[in-house]
1. Got a sec to turn the phi values of segment 33-48 into Karplus ³J(HN,Hα) couplings, 6.51 cos²θ - 1.76 cosθ + 1.60 with θ = phi - 60°, whole Hz, x for Gly and Pro?
2. Can you bin segment 2-105 into rounded, prolate or oblate? Criterion: square roots of the alpha carbon gyration tensor eigenvalues sorted a ≥ b ≥ c, rounded for a/c under 1.5, prolate for a/b above b/c, oblate for the rest.
Amino acid sequence: MIRITYAQAQASLAEAISADIAGHVDASRPLLIVLVSRQANSDPFVRAEIERALRQGDALLPILVDDIALPATLTGLRCLDFKDGYNREGLLAQLSQATRTGAALRRANRRALLVIGGLAALMFALALVAISSGFVAFPVDEYNEEATLQAQWIDGLIGETLEFVQPRSTEEARNFAATYEAAPTRLHFYIRGTATAQAKAG
């Protein structure tokens, strides 16, 4: 979509540009044409349109109408010079080039995404083949060692606390359910794993 922002004094030029680009330029990326003039530089609406386009990442094409410098927000952008009159051919050529550049960039991005996606799929397939064939195996010994260290660490933290709630006699084992319920909730998991209640005689 192509938009044109301008001061009221350039309304006729904006209408001519709008009529000439209609049907001649297909801009899939939003583009803002700015008619740069003394009136436009002091027009709050024009400034707001430029700032909005910059925030949204839209392309901008400044067109100099008066013999003045570009405003700071447009400095560094390639611009057209219409100070000596409207140049329809120059405008269409510039817009056509900008459209081709944008299309080429999109095609390049699509190619890059396809290549990256293909490589990722290939790596995934190779990993599956390597695992299923046994060429690559999970480090079971390392996992077991890590689990042992973790268990020792937990035992060191709460071992003394569990010592007071573990059953030491048949009677305590029969009453273990009550002991379990009375223990702090954070210890329930560890109590279940380290103590066994005896079933009541039928």
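Quick note: the coordinates plus some simple rules give every number you see, no bench work behind them. Since this is a predicted model, take the numbers as computed values, not measurements.
1. Coupling constants for segment 33-48: 8, 10, 7, 8, 9, 4, 5, 5, 5, 9, 8, x, 5, 5, 4, 5 Hz.
2. Oblate, since a/c reaches 1.5 and b/c is not below a/b.
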